[in-house]
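Participant: What follows is a single structure, and I will ask about it in a moment.
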Amino acid sequence: MRRWSGTARIHLLHPITTRSRCPHRQLSAFAQHKNILSTVSTYPDPYKLLEPQLTHLRTTLLDLLGSSHPSLTEIAKYYFLHPSKQLRPLIVLLFAQATNGVGREWVRKRWAAEVEGAKGMTEELDQPLTRPDVLNDWNPNMPDHTASFESVFSLRPSRPLPEIMVPPARPTDAHERQPTLISPTLLLPTQMRLAQIVEMIHVASLLHDDVIDKSPLRRGVASAPAAFGNKLSVLAGDFLLGRASAALSRLGDNEVVELIASVIANLVEGEILQMKEVYAPELGLIGAPRVGKEAWNIYLKKTYLKTASLMAKGARAAVVLGGSMEGEIWKEVAYAYGRNLGIAFQLIDDILDYESGEATLGKPGGADLRLGLATGPALYAWEEHAEMGPLIARKFEQEGDVELARDLVRRSSGVERTRDLARAHADKAKEVLDFLPDSDARSALEVMTERVVKRTW
Ligand code: FPP
Ligand code: MG
């Protein structure tokens, strides 16, 4: 049984406990049987494991969003005020906890979090790199000393040179060193801030997405465009990206800046791939119907870009902030896990769009078809019902197309096959966790691979 001191445990009956410590070793039939019989084990509830941290993240995040325009602040905060699943921050923090201590740079990263002036303490992450009166000029929410529009602006003296801090030496016995998790568990301030940044980017993408999709509802309440209009929603999304970028720069890690910046580009690329009118000759996307293998390639590529990239690169960035270096396996594990979990998550999302309605999703069912999108269930149904082809090609635009497509999916194995595909990705995510040392955080990451496939939200 795994060690865990929390109160909420969940029971899993799943052959994950049959797994060998060595990912390549096959268990004998007898051993597998014996293990399956003893698989009722207790696992930590991922959300309970990190509940205080997630609550802290949610409450302090709003402090990052003050602006000179109260209405901009109000919209930027709008989606944070309704409880979110916080799935992306959860994955970031679980990976941080599951790997902190094992990376070769861990000692330096921890040092930066504990030594004043080394720029890794919580208060220091709130401090701008640029003089505050320059960074926040003309922002009434911030102390403003410039008054630059009331009088002639004069030159200010530069700040004194900061003290140069010398980090501890990197362990030289890198090859013999046994990677060991830090005990008791410890999350670095940079990793906590990364979790907030990842959520800000996610929310920014939702603000834009609800404009593109013309969604009247999000999580059962009026969407931002419905409540504030399209223009302010787009601007609020941009504002969030600006604040997220400033916070990102203060983490002091260029590799992480690069990773997260590429996620923002990926989100846009994913959205473009799924749009109706796309000019992308290299993908054959000039109004031509997407058929067969090509349709699947585009669908899965879009799924990665739109959903899995943030999970994959967010998890990888968390591990980099914990001191994982090139040549070590840890950040590769995080990336492979996030990529597979994210794809599984979106495949299930696409199934839910067929199975659920407003009561469960907070938006009407069949929304994807109405947007002209052929997701997993429709693509599989097409293999069984040729009539689906023309509907996909004309993006369900004619009267009755949406209803007919839903019926074809119902009369096919499209939903089950999409679920199988999601399960295959979730299993892959679970498998790569074998490379991590045993811990409650790793167990919680395993639980997440079960949850994404079984979820009904
Ligand atoms: C929700 O998808 C949307 C996304 C996961 C990403 C949307 C990305 C953009 C609009 C590009 C712009 C990005 C940024 C960072 C400004 P969905 O419509 O399938 O899900 P839903 O049902 O929750 O709306
Ligand atoms: Mg949408």
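Participant: With a 1.4 Å probe and all protein chains left in place, how much accessible area per residue does segment 324-456 have, in Å²? List each step's numbers first, then the result.
Facilitator: Values: 5050 Å² over 133 residues.
I get 38 Å² per residue for this part.
Participant: Could you list the GluC sites (Glu not before Pro) in segment 49-123 that lie in coil according to DSSP, counting only those with at most 16 other Cβ atoms within 10 Å of their Cβ? Each step should come with its number before you reach the end.
Facilitator: Details: sites: 74, 105, 114, 116, 123; in loops: 105, 116.
Those satisfying the criteria are 116.
Participant: Which of the GluC sites (Glu not before Pro) found in segment 373-430 are loop residues per DSSP with 16 or fewer other Cβ atoms within 10 Å of their Cβ? Spell out each step's value before the answer.
Facilitator: Working: sites: 383, 384, 387, 397, 399, 403, 416; in loops: 387, 397, 399.
Listed in order of number, the matching sites are 387, 397, 399.
Participant: Hey, another quick one. Report ³J(HN,Hα) in whole Hz for each residue of segment 240-257, in order, from the Karplus equation J = 6.51 cos²θ - 1.76 cosθ + 1.60 where θ = phi - 60°; Gly and Pro get x.
Facilitator: 4, 5, x, 5, 5, 5, 5, 5, 5, 4, 6, 6, x, 9, 5, 4, 6, 4
Participant: Let me ask another. Expressed in nm to one decimal, what extension gain is obtained for the pair residue 301 and residue 397 from 0.36 nm per residue of sequence separation less their Cα-Cα distance?
Facilitator: On the way: separation 96, 0.36 × 96 = 34.56 nm, distance 2.37 nm.
Length gained, residue 301 through residue 397: 32.2 nm.
Participant: Heavy-atom accessible area per residue, segment 70-124, 1.4 Å probe: how many Å²?
Facilitator: Details: 2120 Å² over 55 residues.
With the other protein chains kept in place, segment 70-124 gives 39 Å² per residue.
Participant: In whole angstrom, and with the biggest value first, how far do the Cα coordinates of segment 70-137 range along each principal axis?
Facilitator: 45, 36, 13
Participant: Quick one: length gained pulling residue 407 to residue 457 fully straight, 0.36 nm per residue minus the C-alpha distance? Don't skip to the answer; put the middle values down first.
Facilitator: On the way: separation 50, 0.36 × 50 = 18.00 nm, distance 2.26 nm.
Fully extending the segment from residue 407 to residue 457 adds 15.7 nm.
Participant: Another question, then. Please compute the length gained on full extension between residue 262 and residue 129, using 0.36 nm multiplied by the number of residues separating them and subtracting their Cα-Cα distance.
Facilitator: Values: separation 133, 0.36 × 133 = 47.88 nm, distance 2.23 nm.
Between residue 262 and residue 129, full extension yields an extra 45.6 nm.
The values are calculated or read from the model by the stated rules, or taken from the named source; none is laboratory data. Note that the coordinates shown come from a computational prediction; the quantities given were computed from them, not determined experimentally. For neighbour counting, all protein chains shown are included, and Cβ atoms are generated from backbone atoms with ideal geometry for every residue, glycine included. Calculation scope for accessible area: heavy atoms of the full protein, side chains included, ligands and nucleic acids excluded. Shrake-Rupley method; radii C 1.70, N 1.55, O 1.52, S 1.80 Å.
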